[in-house]
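Data first, discussion second: the structure below is written as structure tokens.
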């Protein structure tokens, strides 16, 4: 069985897809208490920690859990156009960097980072990807639209798929899936 941890987990909507595919969540971390309470209801038995990830020791958790996948959805507020004309907050954008010690401690086979598409405009985006590559991962980056996978809304998201032992999927892999997908697709 594939086991995963979920950083910046929210209520667990990102994890739901992994669970539906047969993966097992073992640890979830988020600083928002309501999100953690929701996660616990959505995934009973998972260790759900209400904290900022930088306040925790990834090594302690890596000694406790062996995982295959690290899922992370770092803060997107200052990458998003939802802020309007408000100034971007670099501290918010840099929550992605806080994933790196967790990758180093756990050394999972796969890392999946999800965010809004405008994260690609962040001044440290390429640096972030290169740091993941320095841990020995091949990194694929692309935008997926939830509507293409059966969701009732068009919701485009950036995904970094990272594989330490092989080649992560490429866009053409998703194109093959979409042509055989049972969901109606609007283009």
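Laboratory data are not the source of any read-out in this text; all were calculated from the coordinates shown. Predicted, not measured: the structure shown is a model, and the values here were computed from it. Here Cβ is always computed from backbone atoms with ideal geometry, including for glycine, and neighbour counts include all displayed protein chains.
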Note the full-extension length gain between residue 104 and residue 16 as 0.36 nm times their separation in residues minus their Cα-Cα distance, in nm to one decimal. 29.2 nm
Mind giving me the nanometre distance, one decimal, between the label points for residue 121 and residue 47, set 7 Å out from Cα along Cα→Cβ? 3.9
Nearest-0.05 FRET efficiency for residue 33 and residue 57 at R0 = 25 Å, using Cβ-Cβ distance, is 0.75
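Could you calculate the contour length gain from residue 172 to residue 146, that is, 0.36 nm times the residue separation minus the distance between their Cα atoms, to one decimal place in nm? Kindly include the intermediate steps, with their values, before the conclusion.
Values: separation 26, 0.36 × 26 = 9.36 nm, distance 1.67 nm.
Computed gain between residue 172 and residue 146 is 7.7 nm.
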